[in-house]
Amino acid sequence: MAFKSKGALNDHYKTVHEGIKNEICVWPHCDRRFRTSHELKLHLMRHKGEKPIVCTYSGCEKTFLQNVEMINHLKSHK
């Protein structure tokens, strides 16, 4: 892998290879930690019940947090 800076390389090494999780959920009574701010953002969206992705199958209005969830759901329409 290539990185734009030594700092980016160090961040990658700490989170991926050492498993350091510096991102902490601020939701009450939740003490989960995450490697990246993106993982934390998705986790907080789950707490809030946010599901911005709508099934693309005609007539289906089911919603999802992540695109991969919707893609897996589409298999149920076949």
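Read the figures in this text as sums done on the coordinates, not as results from a lab. The shown structure was predicted, so the numbers you read here are calculated from the model rather than taken from an experiment. Backbone-built Cβ (ideal geometry, glycine too); neighbour counts: all protein chains shown.
Chymotrypsin sites (Phe, Trp or Tyr not before Pro), restricted to the chain: which are DSSP loop and have at most 10 other Cβ atoms within 10 Å? In loop regions of the chain (DSSP not H, G, I, E or B), there are no sparsely surrounded chymotrypsin sites (Phe, Trp or Tyr not before Pro).
Label-to-label distance, GLU39 versus ILE71, with points set 7 angstrom from Cα along the beta-carbon direction: 2.0 nm.
Checking the Cα-Cα distances for LYS41/LYS62; LYS6/LYS41; LYS6/LYS48; LYS21/LYS78; LYS51/LYS75 against a 29 Å cut-off, the pairs over it are LYS6/LYS48; LYS21/LYS78. From least to most packed, judged by other beta carbons within 10 angstrom and beginning with the fewest, ASP31, ASP11 follow the order ASP31, ASP11. Residues MET1, MET45, MET70 in ascending order of nearby Cβ atoms (within 10 Å, fewest first): MET1, MET45, MET70. Each principal axis of the Cα atoms in the chain has its own extent, and those three values, largest first, are 49, 36, 17 angstrom.
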